[in-house]
Each structure stands twice: as C-alpha cells, then as structure tokens.
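Here's the structure, in structure tokens; my notes come after.
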Amino acid sequence: MKLPKTILMYPMTLASQAAHIVMRFQQNLAELVIKGDSTLESIFPPKVEKPDWATFDEDLPDAGEGAAPEGSDGDRRAEGRFALYSVSDAPEAAKVAAPSSKAGRKSTKPAANTSAPQPPVVAELDYPTLTLAQLRARLQSLSVDELGALLAYEQATKARAPFQTLLANRITRANAK
C-alpha cells in the first residue's frame, strides 16, 4: 500500500537533496573566498587611490551654500522628466543668450518681460508658483478667456515651453467642445 506513495515521493526527495547539496557547496565556496580575500588583504594591504580625473563635491572649494556646480544650468531642474513637479525660480531674462557654435547666431528664444500686466486669473491661481502638474489639475475649472490670458502671460514672462503647450492644447480642446 505504501509503495505507490513512496515511489511518487522519490523524485521530489531526490530533487530536494540535490538542491541541498548544491547550496551547501555554494556556502562552503563563499566561505573560502572570504578567507582568501582576508588573507590577501593582510599580505597586500589595499592602497587608497584618488584618480586625477575624479572630482567630488567635498574636494571643490566652497562657493557658497546652494551654489550650482560650474557649467550647470540653474533652470535645468525645470526641464525633462521632472518638469511636472518643479518650479523655475529664475526668469528667462536671467539667462544669457549663448551664440550658436555652428553659425554664430544668438538664441531665438524671446526675452522674458517681468513687468507684463498680470491678469486677475494669475493672482487668483498664484500662477507663478504653480508646477506643471498643479496647473494641469486646475485647467478644467478655467474658461477659454482665462486660459488665453494665462497663455499670453506665460509667453510674456517666462515663456516655458511645457506650460505654453499645455495651455494651448487645453484652449484647443475647449474650443472644440
């Protein structure tokens, strides 16, 4: 009676024992490697090297708290993947138009006008402090005229492409309804 049950259990028992033997071998091998590493470290102590090409933040002279590293763009954090969740503190006018390396032309981006007239909807929404995601959440409650005023204000001040695109697309969808 027990023979059929025992025969059915043999493959599982063999697989379990084989797995146990393999794991025990791996543990013994890992122990030997650790012992070998410690022996080699005692014979040949590791050298603390600092490559000439490696620079770390701690090695740089202090240029003031919160200063951006040399060659970085302060508004870069408002672009790319995180544009939805960040607010650019510096207006576009603070950026210097760099000459193009190919033709020697200046950037065609419009200069920001911080003295643009502020529509009432800007003050109501506290628009300058909104991130793209926060603006997107508030768009449903705005009329086409308010959206147009926000778009004109954005173009006159910071001229951020993601904000302009979001507002223009919302105006197009609202007009299509």
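What number, in percent, do you get for the relative contact order of the range 116-177 if the mean sequence gap of Cα pairs under 8 Å and at least 6 apart is divided by its residue count? Walk me through the intermediate numbers first.
On the way: 35 pairs, mean separation 23.8, N = 62.
So the answer I get is 38 percent.
Among 164-171, 133-140, sorting by the average number of other beta carbon atoms lying within 10 angstrom of each residue, highest first, gives 164-171, 133-140. PRE reach from A176 (point 7 Å along Cα→Cβ): which of the range 134-169 fall under 11 Å by backbone N? Label zone hits: 169.
Between A18 and K5, the simple spin-label model (points 7 angstrom out along Cα→Cβ) gives 2.6 nm. Scattering from the range 1-42 was approximated by placing one identical point on each alpha carbon and applying the Debye formula without solvent; log10 I(q)/I(0) at 0.28, 0.35 1/Å stands at -0.86, -1.01.
Readers should treat all values here as calculations from the given coordinates under stated rules, not as data from a laboratory. Everything numeric here is computed off the predicted structure, so don't read it as measured data. Note that we place each Cβ from the backbone using ideal geometry, even for glycine, and neighbour counts take in every protein chain shown.
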